[in-house]
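Report on one structure; see the data block that follows.
The values are calculated or read from the model by the stated rules, or taken from the named source; none is laboratory data. Bear in mind the structure is a predicted one, so any value in this text is a computation, not a measurement. Heads up, the Cβs are rebuilt from the backbone with ideal geometry, glycines too, and the neighbour counts pull from every protein chain shown. Each accessible area value is taken on the protein alone, full model and side chains, heavy atoms only, with ligands, DNA and RNA left out. Shrake-Rupley method; radii C 1.70, N 1.55, O 1.52, S 1.80 Å.
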Amino acid sequence: MTSHKTTRLGEETKKGTIGILAARSHKALKGKLNHLNDLAASFMSIKVMAFSLQGVKKQDMLISGYVYSPSERKWTWSTSPMPRAVINRMTLKHQWQNYFKRTLGSNMINNMTFNKWEMYEWLSDSPYFATFLPLTWLMRGPTDIIHFVTLYKQCYIKPVNGSYGKGIFKVSRDEKGYKIENMNTHNMKKATSYINEQGLIAYVTQHCKNKTFILQHVIDLYVADRPVDFRLILVKDASSQWRDVGLLARKGKRHEIVSHTGIVKNGYSALRNIMTLTRHEAMKLNQQMSEVGLAVAKEMETFGGPECNLGNLGIDFGIDKDQRLFVIEINHRNPRHRMALDAGEWAIYKEANALLADYATRIAVDD
């Protein structure tokens, strides 16, 4: 973790409101309030309101939602003018993105939504970033999988808008035929089956309809048959500068294709103890993830245009057997920094919330 001594903002002013856009409906918002307590409590002397898209009254520039009381640690229903700054925690369709850009501009944090394919297209245009990306195709039909597997032996199939490992399956080919491995979305247990080419086409046609998928080169991220990847937490501070808040590692269950169902550890500790790297190797990779992650964050904002603000990110990295680094995903809708608590890293979680609160407060105060 990189420690940053920050001057907390908010005590010098009581003006304005910070909004947290967390759901589409009032009902869904109510169910998420408990998960917003820690972030709301990180603000100092400035009103914080959690709201949903349903609570936005476009014509009147008003929102209805729940205002947080720090002294009582509870939320109360209220109506307020459009906040001076908003932290977005959900996927926005283009209509809503355009609305908030018109009304808030860059005063909405994480005001741009992009998918896995768009991330790959944008970053792969740069020779520098392309070296950190696994080969990725946009799947236009089931036969693309056969072509990819013929060339590269195996591939991941991922929904472009998926998260938390849902909807991912793996296809490989050996003497028995095509092997499909996927995760049951109800109990997150892996299922494996062998089928022929016609069966593969039928399977993909059935399971990949109504969604867009990418095909991605399989990186060997396994340590003792368990997938291991890393999450770098990046948040802007009160001076609008990106900060590396900390590195976490996720270690999946044996033979599984995603790490999301496993345990969470301190990132540097995992480099040393799970991947058995020397101190020098671990420090070098830790520093490289920080440098690449910060560069990726700035580059994605450039692609988003002058009003793009991606102030709160979680970037997933993979490291193969040759210690080569790969950017797997950029979590920008709701990076879920609470996963730091699963690793016992309260300081990382607290600092991520404090930096985000100070950044949002500075936007509101300067507006």
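Give the residues of the stretch 199-257 that are surrounded by fewer than 19 Cβ atoms within 10 Å (Cβ to Cβ) and hydroxyl-bearing (Ser, Thr, Tyr), sorted by residue number.
205, 212, 222, 239, 240
In the stretch 299-310, what residues are within 20 Å of residue 130 (Cα to Cα) and either part of a loop (DSSP other than H, G, I, E, B) or charged (D, E, K, R) (or both)?
Within the stretch 299-310, 299, 301 meet the criteria.
When residue 313 is evaluated against the numbered criteria (1) farther than 14 Å from residue 250 by Cα; (2) assigned to a helix (DSSP H, G or I); (3) under 14 Å from the mean Cα position of the chain (by Cα), which criterion, by number, is the only one it fails?
Every listed condition holds for residue 313 apart from (2).
Tell me, yes or no, whether the stretch 273-286 has at least one residue that is of a type in the set (A, V, I, L, M), open to solvent by 40 Å² or more (accessible area, probe 1.4 Å) and either within 30 Å of residue 192 (Cα to Cα) or at pLDDT 95 or above (or both).
Yes, the stretch 273-286 contains a residue that is of a type in the set (A, V, I, L, M), open to solvent by 40 Å² or more (accessible area, probe 1.4 Å) and either within 30 Å of residue 192 (Cα to Cα) or at pLDDT 95 or above (or both).
Please give the number of the condition residue 261 fails out of (1) within 30 Å of residue 347 (Cβ to Cβ); (2) at pLDDT 85 or above.
It is condition (2) that residue 261 fails.
Assigned to a helix (DSSP H, G or I), touching a helix residue (DSSP H, G or I) at 6+ places or on another chain (Cβ under 9 Å) and in contact (Cβ under 8 Å) with a residue 12 or more places away in the chain: is that true of residue 238 in this structure?
Judged against the criteria, residue 238 is not a match.
Being within 13 Å of residue 232 (Cα to Cα), small (Gly, Ala, Ser) and modelled with pLDDT of 95 or more is true for just one of 354, 295. Which residue is that?
295
Take the stretch 123-160 and flag every residue that is crowded, with 16+ Cβ neighbours inside 10 Å and in a loop (DSSP other than H, G, I, E, B).
Answer for the stretch 123-160, where residues must be crowded, with 16+ Cβ neighbours inside 10 Å and in a loop (DSSP other than H, G, I, E, B): 132, 133, 134, 135, 139, 160.
Which numbered condition trips up residue 9, out of (1) at pLDDT 90 or above; (2) open to solvent by less than 20 Å² (accessible area, probe 1.4 Å)?
With (1) at pLDDT 90 or above; (2) open to solvent by less than 20 Å² (accessible area, probe 1.4 Å) applied to residue 9, the lone miss is (1).
Which strands (runs of 3 or more DSSP E) does the stretch 23-98 wholly contain that include 1 or more residues that are among the charged types (D, E, K, R) and over 28 Å from residue 161 (Cβ atoms)?
47-57, 74-81
Within the stretch 277-290, can you find the residues that are in contact (Cβ under 8 Å) with a residue 40 or more places away in the chain and in a loop (DSSP other than H, G, I, E, B)?
277
Can you name the residue in the stretch 323-367 that is of a type in the set (Asp, Glu) and either touching a residue at least 60 places away in the same chain (Cβ under 8 Å) or part of a strand (DSSP E or B) (or both) and is also farthest from residue 276 (Cα to Cα) among such residues?
Here the answer is 367.
So in the stretch 342-366, with the set limited to residues that are in contact with a strand residue (DSSP E or B) (Cβ under 7 Å, 6 or more places away or on another chain) and among the charged types (D, E, K, R), which one is most open to solvent (accessible area, probe 1.4 Å)?
342
Just checking, how many residues over the stretch 264-304 are closer than 22 Å to residue 116 by Cβ and acidic (Asp, Glu)?
Summing the residues that are closer than 22 Å to residue 116 by Cβ and acidic (Asp, Glu) in the stretch 264-304 gives 2.
Of the residues that make up the stretch 326-341, is at least one polar (S, T, N, Q) and surrounded by 16 or more Cβ atoms within 10 Å (Cβ to Cβ)?
Yes; the residues of the stretch 326-341 include at least one that is polar (S, T, N, Q) and surrounded by 16 or more Cβ atoms within 10 Å (Cβ to Cβ).
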